[in-house]
Amino acid sequence: DIMTAITRLVKIGVLAAALAVFVPATALAQAQEREGFWFGFGLGAGSADVTCDDCDDDENDRESGAAGSMRAGWTLNSRVLLGIEGNAWTKKEDADGTDITINMYNVSGTVTLYPSETAGFFLKGGAGLAFVNSKYEEGNTTVDSDMGSGLGLLAGIGY
């Protein structure tokens, strides 16, 4: 449920912000310099849950898969970064001789806020487009399916 996920993210954000305020900046990190153009990328694992109106609700389990991201932008000041970010998640499974691959993509405009000019703790939010597609392969037959697109929201906290 989207509201449960948002509520959980808000609780984590409030806790992290409280820690950032109450822990001295010198204990968190050395001074950070944020200026000009920036970019980044990441590879790892991610978790996803897909739901639909016509699906059996008993089958909605989170799945893990490979994940990656690329981001770039411009620093407005030492506490605010504007950017664009692309994220991808994929999972491939063999189901009785049929290879099934699910792909999810999200492209968002983002704002990253650093509450402290000298510490590395940040809050990030963004909005854009999300896409889901699948591919079914059995023998020499391949079927690609565009499963839809819609509003993609991005929220995060980190250090």
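The values are calculated or read from the model by the stated rules, or taken from the named source; none is laboratory data. All values derive from a computational prediction rather than experimental measurement. Virtual Cβ from ideal backbone geometry, glycine too; neighbours counted across all protein chains shown. Areas reflect the complete protein model, heavy atoms only, side chains present, ligands, DNA and RNA absent. Shrake-Rupley method; radii C 1.70, N 1.55, O 1.52, S 1.80 Å.
Among residues belonging to segment 116-130 that are without any contact (Cβ under 8 Å) to a residue 60 or more places away in the chain and among the hydrophobic types (A, V, I, L, M, F, W, C), point out the one that is surrounded by the most Cβ atoms within 10 Å (Cβ to Cβ).
Initially, segment 116-130 is screened for residues without any contact (Cβ under 8 Å) to a residue 60 or more places away in the chain, giving 122, 124-130.
Okay, now just the ones that are also among the hydrophobic types (A, V, I, L, M, F, W, C), so 122, 127, 129-130.
On the way: PHE122: 20, ALA127: 15, LEU129: 12, ALA130: 18.
Among residues in segment 116-130 that are without any contact (Cβ under 8 Å) to a residue 60 or more places away in the chain and among the hydrophobic types (A, V, I, L, M, F, W, C), the one surrounded by the most Cβ atoms within 10 Å (Cβ to Cβ) is PHE122.
Okay, residues lined up against (1) within 22 Å of ILE84 (Cα to Cα); (2) part of a strand (DSSP E or B); (3) of a type in the set (Ser, Thr, Tyr):
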site	(1), (2), (3)
ILE100	no, yes, no
VAL111	yes, yes, no
GLY120	yes, no, no
TYR136	no, yes, yes
LEU154	yes, yes, no
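Which residue is modelled with the highest pLDDT, if the candidates are limited to segment 64-98 and must be among the charged types (D, E, K, R) and surrounded by fewer than 14 Cβ atoms within 10 Å (Cβ to Cβ)? Can you show your working first?
From segment 64-98, those among the charged types (D, E, K, R) are 71, 79, 85, 91-94, 96; that's our starting set.
Now narrow it down to the ones that are surrounded by fewer than 14 Cβ atoms within 10 Å (Cβ to Cβ): 92-94, 96.
On the way: LYS92: 90, GLU93: 87, ASP94: 85, ASP96: 83.
That would be LYS92.
Name every residue in segment 131-152 that is surrounded by fewer than 16 Cβ atoms within 10 Å (Cβ to Cβ) and either of a type in the set (A, V, I, L, M) or farther than 26 Å from ALA95 by Cα (or both), in order of residue number.
Scanning segment 131-152 gives VAL143, MET147, GLY150, LEU151.
Would you say SER78 is in contact (Cβ under 8 Å) with a residue 12 or more places away in the chain, farther than 30 Å from GLU138 by Cα and polar (S, T, N, Q)?
yes
Scan segment 23-38 and tell me whether some residue there is open to solvent by less than 50 Å² (accessible area, probe 1.4 Å), part of a loop (DSSP other than H, G, I, E, B) and modelled with pLDDT of 90 or more.
Narrowing segment 23-38 to residues open to solvent by less than 50 Å² (accessible area, probe 1.4 Å): 25, 29, 34, 36, 38.
Still in the running and part of a loop (DSSP other than H, G, I, E, B): 29, 34, 36.
Retained after the next criterion (residues that are modelled with pLDDT of 90 or more): 36.
Among the residues of segment 23-38, at least one is open to solvent by less than 50 Å² (accessible area, probe 1.4 Å), part of a loop (DSSP other than H, G, I, E, B) and modelled with pLDDT of 90 or more, which makes the answer yes.
Just to verify a result, which residue in segment 67-100, among those that are over 15 Å from GLY40 (Cβ atoms) and of a type in the set (D, E, K, R), is farthest from the chain's Cα centre (by Cα)? I'd like the intermediate steps shown before the answer.
Within segment 67-100, the subset over 15 Å from GLY40 (Cβ atoms) is 76-80, 89-100.
Applying the additional criterion that residues be of a type in the set (D, E, K, R) yields 79, 91-94, 96, 99.
On the way: ARG79: 21, LYS91: 16, LYS92: 19, GLU93: 22, ASP94: 26, ASP96: 31, ASP99: 26 Å.
Ranking the qualifying residues of segment 67-100, first place goes to ASP96.
Quickly run through segment 63-89 and pick out the residues that are outside any strand (DSSP E or B) and of a type in the set (Val, Ile, Thr). Before you say what the answer is, go through the steps one by one.
From segment 63-89, those outside any strand (DSSP E or B) are 78-79; that's our starting set.
Those that are outside any strand (DSSP E or B) and of a type in the set (Val, Ile, Thr): none in segment 63-89.
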